[in-house]
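Report on the structure given below.
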Amino acid sequence: MEIPRFNITVPPDMRSINQIIIHCSATPEGRDVTVDQIRRMHIQNNHWNDIGYHYVIYRDGSIHPGRPLAKEGAHTKNHNAHSIGICYIGGMDSEYKKAKDTRTPQQKEALLQLVKQLFELFGPLQVNGHNEYAAKACPSFSVKDWVKQNPITVGPKPNIPSSGQKKESNWLARLIELIIKLFSKKTEKPAEAPAEAPYNMPRTRRSPIPVDTIPLEENFEELDAPEEPGWWNENF
């Protein structure tokens, strides 16, 4: 079985990453669910602005992007800021009563390949299951055992600039450019500087809805499944 290598690009404003957290969609064995279905559920039910996961692995082993890597996910309470959320489709038995590791051979291979690629990009990362941080069965298998059975060895963590580092380097570049321009000008009476708008005005968050109604995504846990009557099981 050969799963095509998934193309991952790291954006220039990438946040710092130190962890991968694995989830399941908590849907019955054999049922296909799409990224768009999960996204719609997360937006409509949770009022988030996107799907909570960064990657979703379908039953055929294909890997699909969700929320952009540079954006903080909404998948594990208090562990979203520096993690990448991966969800595989499945996690429940066919009767939709019990948690079950329903990963197909293709999904198992794709998950391993995706984690390896993330290690190549970000260096050695901590890998955990959602059930290590919440009273849930998700992702319906022991990630700790999976990591032991599939050791991943990579080199040291590469130096990927964070968004803050990028802003700092841009600021320095602008400062250097300004100094060069000042020294390159002829010595003449400087023109009176035009009046500038106050730069210390308080900043306000722009939003189509009142700020106090916007949920703080890092304080939420994902609901684990696409919208469907009766799908949620609080004991799962």
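The values are calculated or read from the model by the stated rules, or taken from the named source; none is laboratory data. Bear in mind that the values here come from a model prediction, so they are computed numbers and not experimental data. Please note: Cβ atoms are built from the backbone with ideal geometry, for glycine as well, and neighbour counts cover all protein chains shown. Heads up: the accessible areas ignore ligands, DNA and RNA and are worked out on the full protein's heavy atoms, side chains in. Shrake-Rupley method; radii C 1.70, N 1.55, O 1.52, S 1.80 Å.
General remarks:
- In the range 100-110, the condition of being within 23 Å of Ser16 (Cβ to Cβ) and either without any contact (Cβ under 8 Å) to a residue 24 or more places away in the chain or among the hydrophobic types (A, V, I, L, M, F, W, C) (or both) is met by no residue.
- Selection over the range 56-66 of residues that are within 23 Å of Met14 (Cα to Cα) and either open to solvent by less than 10 Å² (accessible area, probe 1.4 Å) or among the small types (Gly, Ala, Ser) (or both) gives a count of 3.
- Filtering the range 114-140 to residues that are open to solvent by 30 Å² or more (accessible area, probe 1.4 Å), in a helix (DSSP H, G or I) and touching a residue at least 40 places away in the same chain (Cβ under 8 Å) leaves only Leu121.
- Taken over the range 141-154, the criterion of being loosely packed, with under 14 Cβ neighbours inside 10 Å and of a type outside the set (Lys, Arg) is satisfied by Asp145, Gln149, Asn150, Pro151, Thr153.
- Within the range 1-52, the residues that satisfy the criterion of being part of a helix (DSSP H, G or I), open to solvent by less than 70 Å² (accessible area, probe 1.4 Å) and either of a type in the set (Asp, Glu) or in contact (Cβ under 8 Å) with a residue 60 or more places away in the chain (or both) are Gln37, Ile38, Met41, His42, Asn45, Asn46.
- Residue tally, condition assigned to a helix (DSSP H, G or I), open to solvent by less than 30 Å² (accessible area, probe 1.4 Å) and among the polar types (S, T, N, Q), over the range 90-112: 1
- Residue satisfying all of: in the range 67-89; closer than 15 Å to Met14 by Cα and among the charged types (D, E, K, R); surrounded by the most Cβ atoms within 10 Å (Cβ to Cβ) among these: Arg67
- Among residues of the range 58-114, those that are among the hydroxyl-bearing types (Ser, Thr, Tyr) and touching a Leu at 6+ places or on another chain (Cβ under 7 Å), counted: 1
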